[in-house]
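I have placed the structure first, in the form of structure tokens, so that the comments after it can refer back to it.
The values are calculated or read from the model by the stated rules, or taken from the named source; none is laboratory data. This is a predicted model, so every value here is computed, not measured. Backbone-built Cβ (ideal geometry, glycine too); neighbour counts: all protein chains shown. With ligands, DNA and RNA removed, areas are computed over all heavy atoms of the protein, side chains included. Shrake-Rupley method; radii C 1.70, N 1.55, O 1.52, S 1.80 Å.
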Amino acid sequence: MTIAVEKVLYTARATAEGARQGHTASDDGKLDVTLAPPKEMGGSGEGTNPEQLFAAGYASCFHSALKSVARVTKQDTADSTVTAAVGIGPINGGAGYGLEVELVVSLPKLDREAAEQLVAKAHQVCPYSNATRGNIKVDLSVA
């Protein structure tokens, strides 16, 4: 099932050259990075890689969703953090590659049950969660 956006509020554009050993920049100049495969994948590890960029985007987006849901429920998210780990590896017997994500959420001002409920609600709101749901494995945990 495809989820359609009702109204586009913002569109980000970036152009990549040279694939995983190249360069990527956003059209507004705010993102300008050299890409290199990580050493674990036979690269130099001298630049960033798409998985790091995805992890940074997912972590920050999920944190925003968490804070948005917490405002409505009047829960304290002070000192909260979200850490995303994005793994890449072969799928379908090596016919392609897939991703998996682990999100670890720290909510030191909330008890475990309240934190887990807030994380579950944020997972329904976050655009990255909605984009990945049913497509890749996403594990959520409360630190």
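Considering Ala4, Ala16, Ala12, the condition of being over 27 Å from Thr81 (Cα atoms), part of a loop (DSSP other than H, G, I, E, B) and not aromatic (Phe, Trp, Tyr) is satisfied by Ala4 alone. Of all residues in segment 76-103, those that are farther than 18 Å from Ala122 by Cα have Cβ atoms under 7 Å from Cβ atoms of residues that are β-branched (Val, Ile, Thr) and open to solvent by 50 Å² or more (accessible area, probe 1.4 Å), 6 or more apart or on another chain, in Tyr97/Ile88; Tyr97/Ile91; Gly98/Ile91; Leu99/Ile88. Whenever a residue of segment 124-143 is within 12 Å of Ala65 (Cβ to Cβ), its partners that are surrounded by fewer than 17 Cβ atoms within 10 Å (Cβ to Cβ), lying with C-beta atoms within less than 7 angstrom and at least six residues away or across chains, give the pairs Val125/Ser68; Tyr128/Gly57; Asn130/Ile3. Taken together, Ala65, Ala114 contain a single residue that is in contact (Cβ under 8 Å) with a residue 60 or more places away in the chain and over 29 Å from Gly42 (Cα atoms), which is Ala65. Condition test on Glu102, is it surrounded by fewer than 17 Cβ atoms within 10 Å (Cβ to Cβ) and assigned to a loop (DSSP other than H, G, I, E, B)? No; evaluated as a whole, the condition is false for this residue. Which of the residues that make up segment 105-134 are crowded, with 20+ Cβ neighbours inside 10 Å and touching a Cys at 6+ places or on another chain (Cβ under 8 Å)? Matches in segment 105-134: Cys126, Tyr128.
Among residues that are of a type in the set (A, V, I, L, M) and surrounded by 15 or more Cβ atoms within 10 Å (Cβ to Cβ), Val33 is included. Picking from residues in segment 35-77 that are more than 17 Å from Asn130 (Cα to Cα) and aliphatic (A, V, I, L, M), the one that is modelled with the lowest pLDDT is Met41. When the residues of segment 6-30 are filtered to those that are out of contact with any strand residue (DSSP E or B) (no Cβ under 7 Å at 6 or more places or on another chain) and of a type in the set (A, V, I, L, M), which remaining residue is surrounded by the most Cβ atoms within 10 Å (Cβ to Cβ)? Out of the qualifying residues, it is Ala19. Within segment 49-85, being assigned to a strand (DSSP E or B), of a type in the set (Val, Ile, Thr) and open to solvent by 30 Å² or more (accessible area, probe 1.4 Å) holds for Thr81, Thr83.
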